[in-house]
1. With the condition kept exactly as written, say whether any residue in region 209-219 is within 16 Å of the ligand (Cβ to nearest atom) and surrounded by 17 or more Cβ atoms within 10 Å (Cβ to Cβ).
2. Between 355, 349, 281, 337, which is of a type outside the set (Ser, Thr, Tyr), touching a Gly at 6+ places or on another chain (Cβ under 9 Å) and farther than 30 Å from residue 22 by Cα?
3. Hey, any hits in region 52-61 for a residue that's at pLDDT 95 or above, buried (at least 24 other Cβ atoms within 10 Å of the Cβ), within 14 Å of the ligand (Cβ to nearest atom) and within 9 Å of the chain's Cα centre (by Cα)?
4. Checking residue 360 against (1) in a helix (DSSP H, G or I); (2) crowded, with 17+ Cβ neighbours inside 10 Å, only one condition comes out false. Which one?
5. Going by what's in this entry, would residue 217 be described as in a loop (DSSP other than H, G, I, E, B), hydrophobic (A, V, I, L, M, F, W, C) and in contact (Cβ under 8 Å) with a residue 24 or more places away in the chain?
6. Which count do you get for residues in region 238-247 that are in contact with a Leu (Cβ under 7 Å, 6 or more places away or on another chain) and surrounded by fewer than 24 Cβ atoms within 10 Å (Cβ to Cβ)?
7. I'm trying to understand the selection: among the residues of region 327-341, which are free of Cβ contacts under 8 Å to residues at least 60 places away in the same chain, in contact with a helix residue (DSSP H, G or I) (Cβ under 6 Å, 6 or more places away or on another chain) and not acidic (Asp, Glu)?
Amino acid sequence: MKAWGPLTVKDLSASIVFPQIHLSDTASTSKKLLTKKPKYRMYVCGITPYDATHLGHAATYLTFDLLHRLLLATGSEVNYVQNITDIDEPLLERAVRDGVQWDELAADQIELFRQDMTALNVIPPTSYMGAIESIPLVTLAIDKLAHNKTTYEIENDMYFSVNHDGKFGSISHLSKSEMVELFSQRGGDPALAGKKDSLDCLIWMQQRPNEPGWPSAHGFGRPGWHIECTAIAMEFLKPDAHEETLIDIQGGGSDLIFPHHEMCSSQARAISGKELASHYVHAGMIGLDGEKMSKSKGNLVFVSSLLASGADPFAIRWALMRDHYRSERMWNSERLVQAEKEVARLRQVLKSKTVAPTQALEIDIVKFLSDDLDTPSVVNVINNWVEASLSGKSGGDHQKIRATIQNLLGFAS
Ligand code: ZN
């Protein structure tokens, strides 16, 4: 699948001393060192293309963009893979509701997502993979699961059995009843007759009437969502046999912790015997005016609408950076107004050749970013520096700080 861009980040390691990076890991419930490496493997779950790109998506992809930028700026390479679930229930349901072809809806929304990511200056993934184009990989992954006796059939649909895996539950740390409830809310079928465990998940679904299907060794049908990400991550991130985990970072919104990332990591263990990721990183959900933002409430705020109404794309990034990525956040229009004011002042200062001293600011920016992407502190120190510059302080290196803010924070003039 074509991504977007190209957009690049410069290696700043010759001119900036970067501290070690610590990153929250949901599985260990701690902030853990991300060991310095020449190359990282990062997988971030992509959208199902029927309501791209609302602010919750933007907040998640911005989080991993900041991490991506930081890793590249330290001089490391990043193999970054993102999927797009271009066939799944929610897409088919939305197409029926709106009286459109599911594949046309998907194509339109994927294009809109590309435009939004380009406008927000998000570095594109190295590989951007659709579910449909990944069916041969999914088939192979299912074969490996079947070989390890972790699959079974219910009326020609294939299921992944979670009971073989003693580490199942190690990402989410939920009780069985909490898991069953979330599984039911998030596309699972815990009450289906014939299951060995209510949490076993669908990995290949035989074609249903009036739904699309594709040929595979497991029959004519389509893949389940979880195995799609497992298969894509394991193929395109090319795990190294010498590494302790298959990849470094698996990321997404906190609504993916269970069942999605729990299932992916369990399937990866069943296939490879290894842990999927060293860090499972999750961005908090975003609400609007005190309420949860969701498609069912009909209160989604779309990036494309904000841009169409003239919003400064960097101000959208700035407004989202004002809160820590892991926090459950609220959005309201005032936040964007405030961000636009601050960004306008920042732009004014970055155009000037006389700016307040920048050495301490640069040290603070990389220190805070390296500490679990502490963007609220980054925003504060930059605002203070802008204030000092506007009040006439001088002595800073305007070109260097401009490059730092562009490369690390995605600032575009
Ligand atoms: Zn995923």
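The values are calculated or read from the model by the stated rules, or taken from the named source; none is laboratory data. Please read all numbers here as calculations on a predicted model, not as lab measurements. As a convention, Cβ positions derive from the backbone with ideal geometry for all residues, glycine included, and neighbour counts pool all protein chains shown.
1. Within region 209-219 (the criterion being within 16 Å of the ligand (Cβ to nearest atom) and surrounded by 17 or more Cβ atoms within 10 Å (Cβ to Cβ)), the answer is no, since none of the residues qualifies.
2. 355
3. yes
4. (2)
5. For residue 217, the condition - in a loop (DSSP other than H, G, I, E, B), hydrophobic (A, V, I, L, M, F, W, C) and in contact (Cβ under 8 Å) with a residue 24 or more places away in the chain - is met.
6. Qualifying residue count for the region: 2.
7. 335, 336, 339, listed by residue number.
Residue-by-condition table, conditions (1) more than 16 Å from the ligand (Cβ to nearest atom); (2) over 25 Å from residue 87 (Cα atoms); (3) of a type in the set (Phe, Trp, Tyr):
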position: 172; (1), (2), (3): no, yes, no
position: 175; (1), (2), (3): yes, yes, no
position: 185; (1), (2), (3): yes, no, no
position: 192; (1), (2), (3): yes, no, no
position: 206; (1), (2), (3): yes, no, no
position: 227; (1), (2), (3): no, no, no
position: 231; (1), (2), (3): no, no, no
position: 246; (1), (2), (3): no, yes, no
